[in-house]
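No lab work stands behind these numbers, since they all come straight from the coordinates. Quantities reported herein were computed from a predicted structural model and do not represent experimental measurements. FYI the Cβ positions are ideal-geometry reconstructions off the backbone, even for glycines, and counts take in every protein chain you see.
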Amino acid sequence: MRITIIGAGYVGLVAAVCLAKLGHIVTAVDREHVVQDLQDNHLSIWESNLFDMLVISRSEGKLLFATDLIQASAGADALMIAVGTPTREDGQSDLSQVEHVAAQLFAAGSCPPLVIMKSTVPVGTCDKLEQSLQAAGIRTEVAFNPEFLRQGSAVKDFMHPDRIVFGCHSRQAEAKLRQLYHGIDAPIQVCDRRSAELIKYASNAFLAMKISFANMISDVCEGYEADIRQVMEGVGADRRIGPHFLQAGLGYGGSCFSKDLQSLLTSGKAIGRSLPLLEATAQINEERIPQMMDKLIALWGNPRGKRLGVLGISFKPQTNDVRDAPFLTLVQLCHLYGIDVQAYDPVVQHLSMKGVTQVDSAFEVSAGADAVIILTEWPQFIELNWVLMVQLMNQRILLDGRNILSDAMIARLITQEDVVYIPVGR
Ligand code: UGA
């Protein structure tokens with residue numbers, strides 16, 4: 001098939017590269033500077049396998065880049081929309097990029113026979129888009145095909161998904177979507193568009209809720225000297241619950257969970273429904289960093305002028321994305337308290353933030369620090385020489401925000417009398 005994808009950001013680029021790998025001819029469309037970077041094989045996102053696959057598909061002529069949507073989609077079998085849908089200040093999804101695509105199609109008066117919406121959009125958006133295209137005399141069908149990609153394992157998630165969802169209304173659209181994903185071995189759910197749109201929001205909301213649930217129980221563990229890791233191991237062993245997304249820590253970050261939760265809450269409000277489970281999920285998440293900081297400040301007494309070493313800047317390991325990262329909340333609080341931040345991340349570099357000094361290694365983070373906090377569970381942080389790390393510190397307080405240190409290592413550290421180790425939920 002010939003596919004045009006508008007939006008060569010995270011979702012669009014991964015889809016483009018993976019669809020080319022499946023044998024389709026894909027043209028990814030974006031702004032001039034994005035296309036220029038991609039043509040120079042320069043990737044701003046850090047995603048395992050993506051670069052190699054991109055280079056191979058381009059050399060095989062299966063992946064092209066363009067800046068003109070109408071030219072690039074002429075003769076294509078389908079147009080996939082993968083543009084950003086950020087949250088506006090009022091909590092609603094900002095659909096201006098989707099509207100801009102629609103405006104170009106209206107102006108051209110033509111469009112491929114199938115439009116596949118990949119962007120996460122509020123329920124009813126695809127219905128509206130199809131109606132307005134058809135009202136303008138453009139014969140096309142809009143289908144919703146949500147993405148369930150995790151940053152850091154997006155290529156794997158695309159090629160080996162748990163499920164693929166098609167929200168579409170005709171057999172022709174379903175047949176085309178099946179052809180598009182031919183070669184991927186996964187169950188396919190075909191449903192109406194509105195349900196498909198809601199599947200995306202509900203999935204992210206449920207995952208966020210699992211994390212906040214684990215974090216809430218971790219507070220109970222702390223009060224009763226139980227161990228959250230053991231509690232969640234026992235809880236997650238029940239197949240009805242499952243072991244994933246029950247890791248307590250400093251809460252979820254990233255561009256998706258908070259945004260989608262907000263958007264779902266706003267959709268609920270629009271029909272007069274409050275969604276208290278989601279409100280509690282967001283609130284528990286917002287409290288994680290302040291709660292950890294309270295513990296640190298209780299130990300320090302006066303925080304002003306202290307130096308906090310931070311390990312991990314991105315919102316999770318295996319990505320360089322800092323959007324909605326717990327790090328940003330931490331820095332804001334440190335700024336308020338007059339605490340200096342010295343941070344290290346294996347892939348995030350040159351982040352310019354007031355009150356933050358970025359250093360080149362974990363050891364530089366701990367040198368002279370009055371406490372060190374682990375924000376993300378990069379494997380190299382687990383492997384660090386922690387005995388040396390604490391020796392380098394001015395005040396030996398270690399906040400293990402992701403519970404990454406092994407019991408053996410903790411036992412070694414706390415035999416040194418001035419080491420204070422603060423994990424989560426135990
Ligand atoms: C998430 C979903 O997992 C994807 O299915 C979805 O497609 C994507 O959002 C999206 O809507 O685009 P992502 O944000 O890349 O993917 O990252 P996750 O691996 O889900 O992690 C999100 C956050 O939750 C991270 O900050 C992570 O540290 C945190 N987390 C995750 C926990 O605190 N505990 C856990 O047990 C799992």
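The set of residues in segment 185-197 being within 15 Å of the ligand (Cβ to nearest atom) and either surrounded by 19 or more Cβ atoms within 10 Å (Cβ to Cβ) or aromatic (Phe, Trp, Tyr) (or both) consists of Ala196, Glu197. So if I check each of Leu246, Leu333, Leu308, Leu275, which one is within 16 Å of the ligand (Cβ to nearest atom) and either within 28 Å of Lys200 (Cβ to Cβ) or touching a residue at least 40 places away in the same chain (Cβ under 8 Å) (or both)? Answer to the selection: Leu246. Selection within segment 397-416: residues that are assigned to a loop (DSSP other than H, G, I, E, B) and either over 15 Å from Pro379 (Cα atoms) or of a type outside the set (Ser, Thr, Tyr) (or both). The member of this set that is nearest to the ligand (Cβ to nearest atom) is Arg402. Out of all the residues in segment 285-300, is one or more in contact (Cβ under 8 Å) with a residue 24 or more places away in the chain, over 15 Å from Gly152 (Cα atoms) and near the ligand (Cβ under 10 Å from one of its atoms)? Yes.
Go through segment 84-104 and report how many residues are farther than 12 Å from Ile6 by Cα and not in a loop (DSSP other than H, G, I, E, B). Outline the logic, then answer.
Of the residues in segment 84-104, the ones farther than 12 Å from Ile6 by Cα are 85-96, 99, 103.
Now restrict to residues that are not in a loop (DSSP other than H, G, I, E, B): 87, 93, 96, 99, 103.
The total comes to 5.
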